[in-house]
1. Of the conditions (1) in the same structural domain as residue 387 (by TED's automatic domain parsing); (2) out of contact with any helix residue (DSSP H, G or I) (no Cβ under 6 Å at 6 or more places or on another chain); (3) more than 20 Å from residue 19 (Cα to Cα); (4) surrounded by fewer than 20 Cβ atoms within 10 Å (Cβ to Cβ), residue 126 clears all except one; give me its number.
2. Scan segment 34-49 and report the pairs whose first residue is more than 20 Å from residue 19 (Cβ to Cβ) and whose second residue is loosely packed, with under 13 Cβ neighbours inside 10 Å, with Cβ atoms within less than 9 Å and a gap of 6+ or a chain change.
3. For segment 451-462, check the following and say yes or no: at least one residue is under 23 Å from the mean Cα position of the chain (by Cα), at pLDDT 95 or above and closer than 16 Å to residue 167 by Cβ.
4. Determine whether residue 74 is farther than 22 Å from residue 205 by Cα and at pLDDT 95 or above.
5. Could you grab me the full set of residues in segment 82-112 that are surrounded by 18 or more Cβ atoms within 10 Å (Cβ to Cβ) and either assigned to a loop (DSSP other than H, G, I, E, B) or over 19 Å from the mean Cα position of the chain (by Cα) (or both)?
6. Which residues, taken from segment 351-365, are in a loop (DSSP other than H, G, I, E, B) and touching a residue at least 12 places away in the same chain (Cβ under 8 Å)?
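The values are calculated or read from the model by the stated rules, or taken from the named source; none is laboratory data. What you are looking at is a predicted structure, and each value in this text was computed from that prediction instead of being measured. With ideal geometry, Cβ positions are generated from the backbone for all residues, glycine too; neighbour counts draw on all protein chains shown.
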């Protein structure tokens, strides 16, 4: 056997050791429980164990904590399906609380920094959080407290993830490197599993689809459904793939792994047949191209063409090509699309009522796939003004930063935010898994702006004579 080291793309460096011991202990424990059919134990042990590992990483290895949080969002639904397959279908499943619990650890960041909001520039995040808590109180009083608390997880977890990433802007280079590594492996794993899922339909996925009754996904047989991979639904998976693939275009390291991940990711994204995420990816791509310098732009276009050449053969094979072509054709004939027409009719029917919802019904109320209706009905005008006011300020700040043009990752973060925003009239990209994309990349994008602005001031200070330094204060 050759002693030559593996290429850096494939080298796994499990350091620091204590952090990986904790993570792998959780993985092995879960595997043993699944193989032993001890799902009843894992239903509670998994969220508790994930929270414990997350808490340990948050205090000892904060950068690795972010990576662990992303992987919890990536893989927890698959763990649930494996457990259900071995031990019986459970709905609702406590296992699905794990990524929320791990992310909510960042409430510690909020608690510690809330008094310093004005000085740190985090007021927009706090405004959005205030809008959520206002609507939570309305829902808690007017509806079931349990229902309101579960809805709070969906609304709050993404925002505080973004808040945490922003407040750690001084460590932005470490967070950037961690997220690039996490997403290249994440896209490879999720995309690869999505293709396998579509071709062979594993028994645990078939079991879950039948018992969940989600007929909108398709039929529980190979080639008969819309891919959702390791996640719990097609749209969130497609949103995650769109953002991850945009991030891969900015990754100039791990080149071999990046190509493999891109082929798997684009193929799986096509197999979701999620038109809104296709449009989101395209909008993000245009943002990415327009924000880069000419030399970076040419490199990106060459990379994109190379990936397209690799993906096209798969998309032209049967039975892939027929269904993908049918879905693409619906863009030119929306008047014949029943799904689109039904959404339009429902929006027109209830929009008038939504406009008069001043106080709101509280989070966990009216559920629809239109963000505008969700915000007006659940948050009311009062909550929506706070929530969207904070988000709008952050988006404005994100696109005011000019010094990140030389940082492809920061530009990709902008593109990921745009890919989520263009879906606002069609889906609900602010909640749960999809919300982590919008708010997570919004937070890291603002952190990049803050970091580069600070570095620019330091460089300028070092270049000035001592008697001119006071001008920068």
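1. Only one criterion in (1) in the same structural domain as residue 387 (by TED's automatic domain parsing); (2) out of contact with any helix residue (DSSP H, G or I) (no Cβ under 6 Å at 6 or more places or on another chain); (3) more than 20 Å from residue 19 (Cα to Cα); (4) surrounded by fewer than 20 Cβ atoms within 10 Å (Cβ to Cβ) is unmet by residue 126, namely (2).
2. The qualifying pairs are 38/32; 39/88; 40/88.
3. Taking every residue of segment 451-462 in turn, none turns out to be under 23 Å from the mean Cα position of the chain (by Cα), at pLDDT 95 or above and closer than 16 Å to residue 167 by Cβ.
4. no
5. Hits for segment 82-112 are 82, 83, 84, 85, 87, 93, 109, 110.
6. 357, 358, 359, 360, 361, 362, 363, 364, 365
For (1) modelled with pLDDT under 65; (2) farther than 24 Å from residue 382 by Cβ; (3) surrounded by 12 or more Cβ atoms within 10 Å (Cβ to Cβ), each residue gets a yes or a no:
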| position | (1), (2), (3) |
| --- | --- |
| 327 | no, yes, yes |
| 332 | yes, yes, no |
| 335 | yes, yes, no |
| 345 | no, yes, no |
| 350 | no, no, yes |
| 353 | no, no, yes |
| 357 | no, no, yes |
| 360 | no, no, yes |
| 363 | no, no, yes |
